[in-house]
Amino acid sequence: MGALGAFSDGGLLVENERIVACGDYSGLRNAHPDAPVRDWRGGFLLPGLIDTHVHYPQVRILGGLGYSLLDWLERHTLPEEVKFASPEYARAVAAEFVYALLSHGTTTALVFGSHFAPAVAALFETATRSGLRIASGLVISDRLLRPELHTAAELAYQANKQLIACFHGKGRSLYAVTPRFAVSTSEALLEVCQTLLAEHPDLRFQTHLNENAEEVAQVARLFPWAQDYLAVYEQFHLVRPQSVMAHSVHSTPSEIARMAASGCTVAHCPSSNAALRSGIFPMRRHLDAGVHCALGTDAGAGIGFGMLTEALQAYLTQCLAQDSGFPLSPVHLLYLSTRAGAKALGLEREIGDFAPGKSADFVYLVPPERSPLAAVARHAPSAEHLLAAIFTLAGAESVRETWIAGAPVFRHAALR
Ligand code: GUN
Ligand code: ZN
């Protein structure tokens, strides 16, 4: 992971969308006396936050407390997702969604799209207009949700092909094959996913895995030939580098070992795991086995779009997890909310930190006047202390600006 690099009076040299250097301000200034300067004093720059699991059609149903997963889907969430059959509805929510990410300092996200192709197109178009970097795709299912959300295998193949042709690798957009979860996808549909990945090896892949005990039992009933939940996806060659499996709360030692060997990523979503009473993520078991872990807000089952808050939730949950818990430091939290996501998406050469050559994606945090964060920041004895306080105290009100590829994509409303 490497240690924390921090500068109390730092400089970030940006040219043509990319970071040229990051270091002490006076040294950079002397080396580049003619470069124009923007004075950021009074705040902090962090690499852009990377959310590896978030649902675009769930913006308007955030805060549905009191459910567990299958109940929450059936009664709270799927009725909302049906509305995305309307492209106008989808466009309106896409704007809310993209704004929500940027205003929380998120510069890249792996996004669960909608079950409707025009709604997915609306998301890609809105993200492209804003500058936001996303990987996303058509959510596909062909059973056990509700008929309006089901897509037969042949249609799913065609719709995916069209969306891939329109959006994959265009600007900052990437396409992710997205079966909702094994419960709602037949073998025929999983075979479509396999075909798509074989035809386009650089696509990303995302789904849910071992989130909830009832869901795991249902998968065992639906796929009696599978040794466990992961084996369903493995059967169709869907578990590989650049596959992101959300949750993995109930994975067995064998599943964890196989995920480690595959090079896939687990997107840990702590606030969702608590809110839906899914369970506590056994992070230590995953890390000990060598599974790559990143972080996702899982909004709308999670508590919002803030990756800093989500990282704090990971810290708090792991404190309560006893022997399966992993003691996360502020540096771990920064890693989980930035560079871990870049690696999950195969974008570690492009984003994730301030290394020279990477895209200049960053968030400018300014503690609101008289806020507790402002008080802590004035007195923090070290960069680690300050970073811990940022994760503990900084919400959207502290996000003054968000920049992607050297251009501002969000400014706090009070300043526009
Ligand atoms: N499993 C299948 N669909 C969903 C979803 O929308 N959210 C979560 N958290 N889990 C799921
Ligand atoms: Zn999810």
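Read-outs throughout are calculated quantities, based only on the coordinates presented, and are distinct from any laboratory measurement. If you're wondering where the values come from, they're calculated on a predicted model, not measured in any experiment. FYI the Cβ positions are ideal-geometry reconstructions off the backbone, even for glycines, and counts take in every protein chain you see.
Placing pseudo-labels 7 Å out from each Cα toward the beta carbon at ASP34 and GLN158 gives an inter-label distance of 5.8 nm.
Full extension of the chain segment joining ARG240 with THR252 gains 2.5 nm, where the gain is 0.36 nm per residue of separation less the Cα-Cα distance. What is the sum of charges around ALA122, taking Lys and Arg as +1, Asp and Glu as -1, for the other residues whose C-beta is under 10 Å from the C-beta of ALA122? Within the 10 Å Cβ shell, the charges total -1.
Positive contributions from Lys and Arg (+1) and negative ones from Asp and Glu (-1), summed over other residues with Cβ under 11 Å from the Cβ of TYR67, come out at 0. Once the gyration tensor of the Cα atoms in segment 128-261 is diagonalised, the equivalent ellipsoid follows with semi-axes of 25, 17, 13 Å, ordered largest first. The separation of segment 108-154 from segment 317-376, counted between C-alpha centres, amounts to 27 Å. Annotation for segment 316-416: GluC sites (Glu not before Pro) lying in DSSP loop with at most 15 further Cβ atoms inside 10 Å of their Cβ are GLU369. Both numbers refer to the Cα atoms of the chain; Rg and Dmax are 20.8, 68 Å.
Computed from label points 7 Å out along Cα-Cβ, the spacing between ASP24 and ALA407 is 3.5 nm. Counting only alpha carbon atoms, the long axis of helix 153-167 and the longest principal axis of the chain meet at about 20°. Extension gain, LEU320-ALA188: 0.36 nm per intervening residue step, less the Cα-Cα distance, totals 43.4 nm.
Peptide packing for 296-307, 27-38, 150-161 was compared via the average number of neighbouring C-beta atoms within 10 Å per residue; ordered from the highest value, the list is 296-307, 150-161, 27-38.
Relative to the dominant Cα principal axis of the chain, helix 383-393 is inclined by about 50°. DSSP finds beta bridges in the chain, and of those with both partners inside it, around 40 percent are antiparallel.
Computed extension gain for ARG284 through ALA396, at 0.36 nm per residue and net of the alpha carbon distance, reaches 37.3 nm.
Considering only lysines 8 or more places apart in sequence, or on different chains, count the pairs in the chain whose C-alpha atoms sit under 21 Å apart.
Pairs that pass both the separation and distance tests number 4.
When peptides 85-91, 206-212 are ranked by their average number of other Cβ atoms within 10 Å per residue, the highest-first order is 206-212, 85-91. What number comes out for the charge environment of PHE305, summing +1 per Lys or Arg and -1 per Asp or Glu over other residues with Cβ under 12 Å away? Net charge in that neighbourhood comes out at -4. Relative to the longest principal axis of the Cα atoms of the chain, helix 187-199 runs at roughly 50 degrees. Over the Cα atoms of segment 323-416, the radius of gyration divided by the Kirkwood radius equals 1.01; this is the Rg/Rh ratio.
Segment 181-258 and segment 21-94 have Cα centres lying 26 Å from one another.
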